[in-house]
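Please read the structure below before turning to the comments.
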Amino acid sequence: MIKAIVTDIEGTTSSLSFVKDVLFPYARTHLPDYVRQHAQDPEVARLMADARREAGAELSDEALIAQLLDWIDRDQKITPLKSLQGLIWEAGYQKGDFDGHIYEDAARQLKAWKQQGYALYVYSSGSVHAQKLLFGHTAYGDMTPLFSGYFDTHIGGKKEASSYQAIAQQITMPAEQILFLSDIKEELDAAKAAGFNTCWLIREQALDPRAEHRQVSSFDTIVL
């Protein structure tokens, strides 16, 4: 019996194009000035120190900015970079530069599942801060009260079974009672290896009945 649902964001609850065509370019454009202006802020200073450790060198601020931009261009899942992006997006949300995109079917079903008593969680490569910002600024209002917890790469990579084992431990629920939703096969493979139930969101392609994971085209067709 499913008692908890863990959902991915990009390509699952939200459009890939929103993340790739709105959020990422916004962060890339604003990162240099943001780092220069906030380098002395305690949180930013800590993230810059973490980024220097990831780079393996004591880089100057300008060299570090160049490294961060290179990581963005190569789509590297570097945790301090993700956290910095979250801070930049927070400023963008607060200015009203954009709203968080959520598919209508995802918003409707997440609300319905919450009302039905399912525990809802988010697991995304984007930072927890960025996750809360996205769900907190949607066309459907603030959706953050729907979720009991959020996970990012601090708990481990999304293609590693150990990450899902750690999530099950943190939410104190047997893996077989948890459903993981994603549009990425390798993530679903890792979740399944950890004992999770899985469901593969295929929004823009024909469903494959022979696929290794149950496939659906929208949240409306997910049977719990």
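The values are calculated or read from the model by the stated rules, or taken from the named source; none is laboratory data. Values in this document were obtained by computation on a predicted structure and should not be read as measured data. No Cβ is skipped: glycine too gets one built from the backbone with ideal geometry, and neighbour counts run over all protein chains shown. In case anyone asks, the SASA skips ligands and DNA or RNA and just uses the protein heavy atoms, side chains included. Shrake-Rupley method; radii C 1.70, N 1.55, O 1.52, S 1.80 Å.
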### Query
Rounded to two decimals, what is Rg over Rh for the range 54-185 when you use alpha-carbon atoms and the Kirkwood radius?
1.01
### Query
Put a dot 7 Å past each Cα toward the Cβ at LEU224 and LYS185; how far apart are the dots in nm?
2.9 nm
### Query
Is the range 104-143 best put as rounded, prolate or oblate by its Cα gyration tensor, with a ≥ b ≥ c the root eigenvalues, rounded for a/c under 1.5, and otherwise prolate when a/b is larger than b/c, oblate when not?
oblate
#### Entry: Separation in nanometres of the label points that stand 7 Å from Cα toward Cβ, at ALA139 and ARG28
2.6 nm
### For the chain, diffusion coefficient by Stokes-Einstein and Kirkwood Rh (Cα), 10 °C, 1.306 mPa s, µm²/s
87 µm²/s
### Query
How high is the FRET efficiency between GLN115 and GLN205 when r is their beta carbon distance and R₀ equals 30 Å, given to the nearest 0.05?
0.45
### Message
Can you compute the helix-only [θ] at 222 nm over the chain? Use -39500 (n - 2.57) per DSSP H run of at least 4 residues, normalise by all residues, nearest 500 deg cm²/dmol.
### Response
-14000 deg cm²/dmol
### Task
Report relative contact order for the chain in percent, whole number only (criteria: Cα-Cα under 8 Å, sequence separation at least 6).
24 percent
### Task
Can you work out the accessible area per residue across the range 31-86, with the rest of the protein chains kept in place, probe 1.4 Å, in square angstrom?
52 Å²
### Task
Identify the trypsin sites (Lys or Arg not before Pro) of the range 129-224 meeting these criteria: DSSP loop state and at most 11 other C-beta atoms within 10 Å of the C-beta.
ARG210
### Task
Rounded to the nearest 10 degrees, what's the angle between the helix 161-170 long axis and the longest principal axis of the chain, both from Cα atoms, 0 to 90?
80 degrees
### Task
Could you size up the charge dipole of the chain around its Cα centre, putting +1 on the beta carbon of Lys and Arg and -1 on that of Asp and Glu, and report it in debye to the nearest 20?
560 debye
### Query
What length, rounded to one decimal in nm, is gained on full extension from ARG36 through to ALA193, with 0.36 nm per residue of separation minus their alpha-carbon distance?
52.2 nm
### Message
Within the range 102-138, list the residues whose amide N lies under 18 Å from a label point set 7 Å along Cα→Cβ of SER17.
### Response
102-106
### Query
From the square roots a ≥ b ≥ c of the eigenvalues of the alpha-carbon gyration tensor of the range 1-88, which class results: rounded (a/c under 1.5), prolate (a/b over b/c), or oblate?
prolate
### Message
Suppose the chain between GLN76 and LYS159 were pulled fully straight at 0.36 nm per residue; how much longer would it get relative to their current alpha carbon spacing?
### Response
28.5 nm
### Task
For the range 114-224, just run the numbers: alpha carbon Rg, then divide by 2.2 N^0.38 Å, N being how many residues it has.
1.07
### Query
For the range 134-174, what is one quarter of the convex hull surface built on the Cα atoms, given in nm²?
3.7 nm²
### Task
Which order do the peptides 92-98, 172-178, 122-128 take when ranked by the mean count of other beta-carbon atoms within 10 Å per residue, highest first?
122-128, 172-178, 92-98
### Query
Taking square-rooted eigenvalues a ≥ b ≥ c of the alpha carbon gyration tensor, is the range 84-156 rounded, prolate or oblate, where a/c under 1.5 means rounded and, failing that, a/b exceeding b/c means prolate?
oblate
